[in-house]
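Novice: Have a look at this one before I ask anything.
What follows draws every value from the coordinates through simple rules; no lab data is involved. Given the structure is predicted, the values throughout are model-derived calculations rather than measurements. FYI the Cβ positions are ideal-geometry reconstructions off the backbone, even for glycines, and counts take in every protein chain you see.
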């Protein structure tokens, strides 16, 4: 089996996700970029699991999928709350306090 | 793969229910609380805080019976371990949860917040921390991290209509998920190159000959450790902490800056001492740089703060730097490693207790002054001498002045840093010393304000301290003083701590 292609795909996805988190200002887009990063992890886990004929990778990927759903649920609630209070979901506008 | 699955017969693993009892009790209490919250009339929700407190104390009973029994228990092929390390930290997390519930009772009941959900989420987060203390597996660490973080994101945003509260939650959430994604990527690579998620098996493999994949494993270790750097608010990953602490309700700030940070350190302890111990060439320099940057930057920015909560946030960042320091020398030899482990656990226990106490005083004072500015503490000794003395004890302890607990904690950190006798260790010990002096300035500034200045508005009406906050203060003051005056008596709690597989 060719493992490298999967690892390259995952690495590209991961980097796209990191770029999105750092560069996008729209709250929903930032959440989607985090999802890209988590999906890169899933591709890695499933590819390694299949390559090694080991079930642990698939199990780990299932945990990641389930928990990512819970995480994004909270994230969307936060973005919705932000929209209700400020009429904007631009994460760069959230700067009442500075570090 | 599927064919392989269907051909194996399912065999239930043997489960040691005594070892799992603290978690099971806590889950039971959470379920009962959800039901009570559903059916209780609106006026009776106050009972939920008592229920949460009793539940946390109830979960401590099996911890005590397990400690009396004393044998380490290994479950699920080494993925879940209950030993002295687990029990000390589980006890610490339950105590922290209890004190946070005590501190929250009046704040949440008076603030028209959502009482039922609040305590359920606090208990869920404590459950995640307990799992973190027991698990020795990458999947377990990830699940525990999310179980403790996701309720914490919601708790930080508890004041829904408050823009600062929104900002606190959003920044914490975005940094948190970004960090956990980076950590997961590292974990997926570690799984890929070692073929296992159990830390003891990883420990046996990463130190050995990995051939071409050594560079990838190095990268993976850095990713995982950096992911937890966010959790413990190490510089340069600390930017969320002060804003989140300022915007969150103060009891939650106390919870995040003590229990949540301690859970991050517990994960680092497990990962470094069990999983990555063979690669001290990677984690030692990384931890050295993080520790040095964290304590210095945290202290320098804390000097400039005018708000007590923000000052405690930056002081907490600096304290995290002291706790990170022993990691930087942990790899020299097995005996030095054990010393570093004990120093970190001791410091964690004392740090959590003294910081919680300081926040309890801030909450009590804010009930009267409605402010967290340092100047609002002016003349506190004249109208609330008890609170002023308590705050003095906690600040002196944080500064490391004998005979408070913080002094003993600093002492063991110094001991572990000079133990290997390397130049890196000595350099870091000097940095810790210099930083302790800088830190004393801003802690003592608050003390001066309380004892020397007059009340800003001349209002000398005494503060009525609610019973629950008094209990929290008595608990924290007692433990802080006992650790400082009689360290020998309590040190045996942390003396027996060891992570079984330490050593190469």
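Novice: Order by neighbour count: B:363, B:401, fewest other Cβ atoms within 10 Å first, most last.
Specialist: If I rank by nearby Cβ atoms, fewest first, I get B:401, B:363.
Novice: Does the stretch A:4-89 classify as rounded, prolate or oblate by the C-alpha gyration tensor (a ≥ b ≥ c root eigenvalues; a/c under 1.5 gives rounded; else a/b over b/c gives prolate, otherwise oblate)?
Specialist: oblate
Novice: Partner chain Cβ atoms within 10 Å, averaged over the residues of A:78-91 - can you pull that number for me?
Specialist: Partner-chain Cβ atoms within 10 Å, mean over residues of A:78-91: 3.
Novice: Per-residue Cβ counts within 10 Å, from other chains only, averaged over A:31-37: what number is that?
Specialist: Averaged over the peptide's residues, the number is 3.
Novice: Compute the relative contact order of chain B as a whole-number percentage, counting only Cα pairs closer than 8 Å that sit 6 or more residues apart in sequence.
Specialist: About 14 percent, as a whole number.
Novice: Further question: I need B:171, B:45, B:164 ordered by Cβ neighbour count within 10 Å, fewest first.
Specialist: Going from sparsest to densest Cβ surroundings: B:164, B:45, B:171.
Novice: In peptide B:165-174, how many Cβ atoms from other protein chains are near each Cβ within 10 Å, on average?
Specialist: For peptide B:165-174, the averaged partner shielding equals 6.
Novice: Using alpha carbons only, how many angstrom separate the centre of the stretch B:158-228 from the centre of the stretch B:455-476?
Specialist: Distance between centres, Cα-based: 42 Å.
Novice: To continue, here is another question. In terms of the Cα gyration tensor, with a ≥ b ≥ c the square roots of its eigenvalues, is the stretch B:281-504 rounded because a/c is under 1.5, prolate because a/b exceeds b/c, or oblate?
Specialist: Prolate.
Novice: Could you put B:238, B:280 in order, starting from the residue whose Cβ has the fewest other Cβ atoms within 10 Å?
Specialist: Ascending Cβ contact count within 10 Å gives the list B:280, B:238.
Novice: Now for a separate question. Quick one: which of B:123-131, B:52-60, B:321-329 comes out on top by average Cβ neighbours within 10 Å, and what's the full order, highest first?
Specialist: Final packing ranking: B:321-329, B:123-131, B:52-60.
Novice: If a paramagnetic tag sat 7 Å from the Cα of residue B:50 along the Cα-Cβ line, which residues of the stretch B:83-104 would have the backbone N under 18 Å from that point?
Specialist: The answer is B:98-99, B:101-104, whose backbone nitrogens lie closer than 18 Å to the label point.
Novice: Would you calculate, for the protein assembly as shown, the mean residue ellipticity at 222 nm contributed by helices, counting each DSSP H stretch of 4 or more residues as -39,500 (n - 2.57) and dividing by all residues, to the nearest 500?
Specialist: Mean residue ellipticity at 222 nm (helix-derived): -25000 deg cm²/dmol.
Novice: Calculate the length of the line joining the C-alpha centroid of the stretch B:276-318 to that of the stretch B:250-274, in whole Å.
Specialist: Between the Cα centres of the stretch B:276-318 and the stretch B:250-274 lies a distance of 14 Å.
Novice: Give the shape of the stretch B:417-474 as rounded, prolate or oblate, defined through the alpha-carbon gyration tensor: a ≥ b ≥ c are the square roots of its eigenvalues, a/c under 1.5 means rounded, and otherwise the shape is prolate if a/b is larger than b/c and oblate if not.
Specialist: It is oblate, given that a/c is not under 1.5 and a/b is not larger than b/c.
Novice: How big is the gap, in Å, between the Cα center of the stretch A:63-99 and the Cα center of the stretch B:327-382?
Specialist: Centre-to-centre distance over Cα atoms comes out at 30 Å.
Novice: Still on this structure: Tell me, what is the percent relative contact order of the stretch B:281-504, built from C-alpha pairs under 8 Å that lie six or more residues apart?
Specialist: In percent, rounded to a whole number, it is 27.
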